[in-house]
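The values are calculated or read from the model by the stated rules, or taken from the named source; none is laboratory data. All values reported here derive from a predicted model rather than from experimental measurement. We place every Cβ from the backbone using ideal geometry, glycine too, and count neighbours over all the protein chains shown.
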Amino acid sequence: MKVLVINSGSSSIKYQLLDMNNESVLCTGLVERIGEEVGRLTHRIAPDTEDAKKIKLEQPISDHEVGMTLAIDLICGENGVVKDKSEIAAIGHRIVHGGEKLHEPTLVDDAVVEELEKIIPLAPLHNPGHLAGIRVARHLFADVPQVVVMDTAYHQTLPPKAYMYALPYELYDEMRIRRYGFHGTSHGFIAKEAARIIGKSFEEFNCITVHLGNGCSMTATKEGKAIDTSMGITPLEGLVMGTRSGDVDPALHALLARTRNMTSEDVDRMLNKESGLKGLCGMNDMRDIHAAIEMGDEKAKLALDVQTYRNRKYIGSYMAVLGHVDAIIFTAGIGENDYIVRRESLKGLECFGVKIDQMNNAQRAAEPLKISTEDSSIEVWVIPTNEELAIARETKNFVN
Ligand code: AMP
């Protein structure tokens with residue numbers, strides 16, 4: 001069974017075709033700069049094998065339909081990884097925000113499209129791009145079942161005490177203002193992988209998953225269900241990220257409006273695009289920050305300290321929420337590659353039984369890697385995330 005996973009953004013489409021008989025990646029690609037003067041398509045065939053091949057196209061790509069058609073021409077046909085479109089059994093669409101109603105993988109129909117349109121105010125940067133991808137895919141693959149898999153789905157099990165803000169109740173009643181959580185596909189994937197590797201049934205597994213990429217979030221999972229997470233109604237709340245502030249005092253908005261005449265758009269842009277690591281030291285890539293620290297840059301050191309201290313505070317609070325913790329799992333660009341961030345984020349947790357094998361921790365993790373010592377009472381793992389595979393699995397299970 002072949003499943004095509006589509007992650008359609010406002011000006012880009014990421015895709016991956018998987019053979020779900022053995023979960024291998026047949027091809028993957030990225031269409032970028034849709035609607036700009038010159039668009040780009042990068043297509044990789046059998047990317048995880050020795051026969052990997054890359055094809056690059058540069059040409060105007062006026063809209064999502066043109067972009068997707070170009071991709072399909074590379075995926076299918078004489079030189080494609082499948083001979084005909086009809087070999088694709090199902091399509092899984094990544095959706096950042098499913099609101100309160102869309103939380104299970106769901107077959108795309110007109111009602112689903114309407115619901116996604118309704119919740120655009122909750123995810124103005126993401127859902128319009130997803131809808132563009134869905135419309136085109138429904139047109140080009142009219143007979144293929146299409147499934148939406150929501151990034152908010154994994155956190156739908158949060159109890160009200162964790163998802164409610166202490167705000168006037170009518171904001172929830174009338175506008176569904178509450179915490180939703182994001183990166184759910186990633187948190188769910190690494191939590192399940194960890195349970196499988198450690199050999200525990202997921203229904204009995206308690207863990208803290210730490211997704212540290214450009215966006216960063218943390219989730220507490222108790223007995224196989226998410227019970228708390230760091231992101232909120234938008235992906236801004238919680239940890240310190242590449243350009244996003246994470247938690248700040250909400251009075252900041254009013255203070256900046258009064259004292260610096262900033263509009264709500266100004267503050268929103270500042271908190272999302274000009275804050276986090278970048279706000280503190282001018283750099284948002286951890287590799288650059290480490291290089292700058294080596295050169296004695298104090299602001300870079302401060303940025304690392306602020307991020308890792310926040311990580312540690314959240315890990316500690318999720319330990320308190322969970323009680324017993326089987327595992328702490330790191331993933332994504334920083335979580336998988338940066339042993340210094342892992343080391344600093346776990347510092348001081350020895351008194352809770354977290355013991356790190358620093359030799360193991362210093363390794364890069366292309367495969368799941370255990371970084372805790374044998375006598376650590378909580379296992380600590382680095383597990384590479386694979387959101388496309390998780391979406392393909394959900395799509396396959398749903399269609400079957
Ligand atoms: P992601 O959003 O998961 O793709 O993660 C992207 C971020 O991961 C980048 O902005 C970097 O900060 C970080 N990153 C990627 N590779 C490395 C590395 N080798 N060492 C440290 N950080 C890395």
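Here are the numbers for the structure shown:
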| read-out | value |
| --- | --- |
| Region 200-220, residues that are under 27 Å from residue 277 (Cα atoms) and either crowded, with 24+ Cβ neighbours inside 10 Å or hydroxyl-bearing (Ser, Thr, Tyr) (or both) | 207, 208, 209, 210, 211, 212, 216, 217, 218, 219, 220 |
| Subset tally (residues that are closer than 11 Å to residue 242 by Cα, surrounded by fewer than 16 Cβ atoms within 10 Å (Cβ to Cβ) and either within 12 Å of the ligand (Cβ to nearest atom) or modelled with pLDDT under 95 (or both)) for region 275-299 | 1 |
| Search result, residues across region 76-113 that are out of contact with any Asp or Glu (no Cβ under 7 Å at 6 or more places or on another chain) and of a type in the set (Val, Ile, Thr) | 81, 82, 88, 91, 106, 108, 112, 113 |
| Any hit, region 313-330, residues being within 16 Å of the ligand (Cβ to nearest atom), closer than 16 Å to residue 211 by Cα and touching a strand residue (DSSP E or B) at 6+ places or on another chain (Cβ under 8 Å) | yes |
| Region 7-17, residues that are touching a Lys or Arg at 6+ places or on another chain (Cβ under 7 Å) and not polar (S, T, N, Q) | 17 |
| Filtered residue count, region 137-162, keeping only those that are part of a helix (DSSP H, G or I) and within 24 Å of residue 227 (Cβ to Cβ) | 8 |
| Those strands (runs of 3 or more DSSP E) lying entirely in region 163-245 with at least 3 residues at pLDDT 95 or above, touching a strand residue (DSSP E or B) at 6+ places or on another chain (Cβ under 6 Å) and away from the ligand (no atom under 16 Å from the Cβ) | 225-229 |
| Residue tally, condition farther than 23 Å from residue 15 by Cβ and either away from the ligand (no atom under 14 Å from the Cβ) or modelled with pLDDT of 95 or more (or both), over region 363-400 | 17 |
